[in-house]
Amino acid sequence: MAIGILSTLLAKPETILGSGHSSVVSMNLFVALLCGCIVIGHLLEESRWMNESITALAIGLCTGIVILLTTGGKSSHLLVFSEDLFFNYLLPPIIFNAGFQVKKKQFFRNFMTIMLFGAVGTLISFAIISLGAIHFFKKMSIGNLKIGDYLAIGAIFSATDSVCTLQVLNQDDTPLLYSLVFGEGVVNDATAVVLFKAIQSFDLPHINTTIALQFVGNFLYLFISSTLLGVLAGLLSAYIIKKLYFGRHSTDREVALMILMAYLSYMLAEFFYLSAILTVFFCGIVMSHYTWHNVTESSRVTTKHAFATLSFVAEIFIFLYVGMDALDIEKWRVVSDSPGKSVGVSAILLGLILVGRAAFVFPLSSISNLTKKATSDKIDFKQQVTIWWAGLMRGAVSMALAYNQFTSLGHTQLRGNAMMITSTITVVLFSTVVFGLMTKPLIRILLPSPKNRMLSSEPSTPKPLTVPLLTNGHDLEAYESDRNLITRPTSLRMFLSTPSNTVHYYWRKFDNAFMRPVFGGRGFVPFVPGSPIEQNDQQWQ
């Protein structure tokens, strides 16, 4: 009886914006599945073998099977995928929270290496995947694909998803590695999307030297303009909240303004055809550096958890839907007559991803190491393997870009398009589940936990009293990694003299002299009677 009712309710595919009782039922079922993902993810938290991404994918697959059975094979999902839903509502909180929560000191300390991996590395991977697709797919005769489609394939499969690795890594135990994997993941997604948009905006079949130069110029314009827009939006929010101080009357207003200004920066980037991912990411960084310190203590707690919660729910939503959509009958029916060819295309794409990733991680790591003086700042071979592995997984960004390129009005009609959509789904599922499950044991082998070593060694001694003096009041996170540098007089002199020659040193002088007095920030917010006293926000620096 229950199955019959469910079959009737799910007989027609519904959309997020659908109306009627059946759409309400679909939304209720989907929200219940989200709750189930959270509960099961909590129960599996101790083992860490099954993270939230894999859990949501597995539940989505199981739900898709049930829906297929109850609808007689007509549909496998409760909600129809929408690019607008993904790019306008689900992606912004994920990227913004990434910028808002990032440890800025580690991020900008390794900024050049992150940009090497995230921007230059993505371009190298894009070139290898595109050339490989042209070479292999033309011989396989998978469909009528144009040069723009092959280049789009390179951009689609250059977008990484390092969620599984970041959930295993501990940024306190491995701050360098965590900042590199995290920073590269965000810059990589932004670069892949910018590259994808640049490809779609040019007449590639008739490309020449002039068009190629315009392509490069357009890419750089999108990258720089998107970053500047995010910085300006963050500074504007900081200035408004600092001058008006909404918190003296209502903390709700300043929290609402932070959320809306962050979202406005994303939508403005979309309006001006820029990279909204880059814009909202740097808006999050600027807001955490200035705006967050200008609000009341209660608003700080609220915004910190609100952004993290929205990001968490959006990630689960995406992976849950991807699991359901993997069983969509319409896509698989077109390629059902040649399953071997579909598997071959997926295998080739996975191989190109492996090769394209290795082609830049190891060479660029060597280049980065040449610019580092301290041994602790260099990327050793085990860390390079971890970085290579972290970028092998593909996720929601690849899915959304594939839908954008190879579907028309939500339907896959051409054989080549259907082949690429099903192959993208296969690659996303395989890389997330298989590579994701192997991440934990691999990192245990490559990067043994320092806690295990501490148990067999002498008890750790307190930090010397000179450490706060040496760190000049900033975070002590660099102390543990650079302990060997401050145990010898020569290294100590190097440590004390190095800041005078670094970009970070001059930025802090400029920031303290010009930026913070205008836009606020830690230690530069004027005291207002009745406002709470700022407490322990050191982790945001």
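The values are calculated or read from the model by the stated rules, or taken from the named source; none is laboratory data. The model shown is predicted, which means the values in this text are computed figures rather than measured ones. Positions of Cβ are generated from backbone atoms using ideal geometry, with glycine treated the same way; all protein chains shown enter the neighbour counts. The protein model used for the area step is the full one, side chains on, heavy atoms only, and it has no ligands, DNA or RNA in it. Shrake-Rupley method; radii C 1.70, N 1.55, O 1.52, S 1.80 Å.
Just one of the numbered conditions (1) surrounded by fewer than 20 Cβ atoms within 10 Å (Cβ to Cβ); (2) farther than 23 Å from residue 108 by Cβ; (3) not aromatic (Phe, Trp, Tyr) is not true of residue 315: (1).
Exactly one residue out of 397, 361, 355, 385 is among the β-branched types (Val, Ile, Thr) and closer than 30 Å to residue 75 by Cβ: that is 397. Being open to solvent by less than 20 Å² (accessible area, probe 1.4 Å) and in contact with an Asp or Glu (Cβ under 9 Å, 6 or more places away or on another chain) holds for only one residue in 211, 241, and it is 241. Return the residues of the range 72-108 that are open to solvent by 10 Å² or more (accessible area, probe 1.4 Å), within 29 Å of residue 333 (Cβ to Cβ) and touching a residue at least 60 places away in the same chain (Cβ under 8 Å); say none if nothing qualifies. 72, 73, 74, 77, 80, 81, 82, 83, 85, 87, 90, listed by residue number.
Please determine, by comparing only the residues of the range 158-202 that are of a type in the set (Val, Ile, Thr) and under 13 Å from the mean Cα position of the chain (by Cα), which one is surrounded by the fewest Cβ atoms within 10 Å (Cβ to Cβ). So that I can check it myself, show each step before the final result.
Residues of the range 158-202 of a type in the set (Val, Ile, Thr): 160, 163, 165, 168, 174, 181, 186-187, 191, 193-194, 199.
From what's left, under 13 Å from the mean Cα position of the chain (by Cα): 160, 163, 165, 181, 186-187, 191, 193.
Numbers: 160: 30, 163: 21, 165: 28, 181: 24, 186: 24, 187: 23, 191: 29, 193: 24.
It comes out as 163.
Condition first: at pLDDT below 80 and of a type in the set (D, E, K, R). Now tell me which residues in the range 196-220 satisfy that. If the condition is that a residue be at pLDDT below 80 and of a type in the set (D, E, K, R), then 203 is the only one that fits.
Output the residue which, of all residues in the range 120-150 that are hydroxyl-bearing (Ser, Thr, Tyr) and closer than 19 Å to residue 219 by Cβ, is surrounded by the most Cβ atoms within 10 Å (Cβ to Cβ). Working first, answer last.
Within the range 120-150, the subset hydroxyl-bearing (Ser, Thr, Tyr) is 122, 125, 130, 141, 150.
Checking which are closer than 19 Å to residue 219 by Cβ leaves us with 122, 125, 130, 150.
Details: 122: 27, 125: 29, 130: 22, 150: 20.
Only one residue tops the list, namely 125.
So if I check each of 309, 291, which one is of a type in the set (S, T, N, Q) and either open to solvent by less than 30 Å² (accessible area, probe 1.4 Å) or more than 14 Å from residue 259 (Cβ to Cβ) (or both)? Steps first, please.
Details: 309 fails: either open to solvent by less than 30 Å² (accessible area, probe 1.4 Å) or more than 14 Å from residue 259 (Cβ to Cβ) (or both).
None of the other options fit; the residue is 291.
Restricting attention to the range 292-300, does a residue exist that is in a loop (DSSP other than H, G, I, E, B) and in contact (Cβ under 8 Å) with a residue 12 or more places away in the chain? Outline the logic, then answer.
Kept after step one, since they are in a loop (DSSP other than H, G, I, E, B), are these residues of the range 292-300: 295-296.
This time we only want the ones that are in contact (Cβ under 8 Å) with a residue 12 or more places away in the chain, so: 295-296.
Yes: the range 292-300 contains one or more residues that are in a loop (DSSP other than H, G, I, E, B) and in contact (Cβ under 8 Å) with a residue 12 or more places away in the chain.
For the range 141-152, check the following and say yes or no: at least one residue is without any contact (Cβ under 8 Å) to a residue 60 or more places away in the chain, assigned to a helix (DSSP H, G or I), more than 14 Å from residue 361 (Cβ to Cβ) and basic (Lys, Arg). No: the range 141-152 contains no residue that is without any contact (Cβ under 8 Å) to a residue 60 or more places away in the chain, assigned to a helix (DSSP H, G or I), more than 14 Å from residue 361 (Cβ to Cβ) and basic (Lys, Arg). Is it the case that some residue within the range 117-128 is touching a Gly at 6+ places or on another chain (Cβ under 9 Å), modelled with pLDDT of 80 or more, among the polar types (S, T, N, Q) and assigned to a loop (DSSP other than H, G, I, E, B)? Scanning the range 117-128, I find no residue that is touching a Gly at 6+ places or on another chain (Cβ under 9 Å), modelled with pLDDT of 80 or more, among the polar types (S, T, N, Q) and assigned to a loop (DSSP other than H, G, I, E, B), so the answer is no. Scanning the range 383-396 for any residue that is over 19 Å from the mean Cα position of the chain (by Cα), outside any helix (DSSP H, G or I) and β-branched (Val, Ile, Thr) turns up nothing. Taking each residue of the range 250-273 that is more than 17 Å from residue 239 (Cα to Cα) and looking for partners that are open to solvent by less than 30 Å² (accessible area, probe 1.4 Å) and among the β-branched types (Val, Ile, Thr) with beta-carbon atoms closer than 6 Å, six or more apart or interchain, yields 266/280; 269/279. For the residues 76, 7, the requirement of being modelled with pLDDT under 80, in a loop (DSSP other than H, G, I, E, B) and among the hydroxyl-bearing types (Ser, Thr, Tyr) singles out 76.
Of all residues in the range 456-475, none are aliphatic (A, V, I, L, M), at pLDDT 75 or above and open to solvent by less than 20 Å² (accessible area, probe 1.4 Å). Of all residues in the range 264-273 being open to solvent by less than 10 Å² (accessible area, probe 1.4 Å) and of a type outside the set (S, T, N, Q), which is farthest from residue 519 (Cα to Cα)? Looking at the filtered set, the residue picked out is 269.
Residue-by-condition table, conditions (1) at pLDDT 85 or above; (2) acidic (Asp, Glu); (3) touching a helix residue (DSSP H, G or I) at 6+ places or on another chain (Cβ under 8 Å):
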| residue | (1), (2), (3) |
| --- | --- |
| 310 | yes, no, yes |
| 330 | no, yes, no |
| 343 | yes, no, yes |
| 358 | yes, no, yes |
| 372 | no, no, no |
| 380 | yes, yes, no |
| 397 | no, no, yes |
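Looking only at residues of the range 416-455 that are open to solvent by 70 Å² or more (accessible area, probe 1.4 Å) and under 21 Å from residue 352 (Cβ atoms), we find that the one that is modelled with the highest pLDDT is 430.
Taken over the range 323-366, residues that are farther than 30 Å from residue 34 by Cα, open to solvent by less than 10 Å² (accessible area, probe 1.4 Å) and assigned to a loop (DSSP other than H, G, I, E, B) amount to 1. Summed over the range 109-126, residues that are touching a His at 6+ places or on another chain (Cβ under 7 Å) and under 17 Å from residue 366 (Cβ atoms) total 0.
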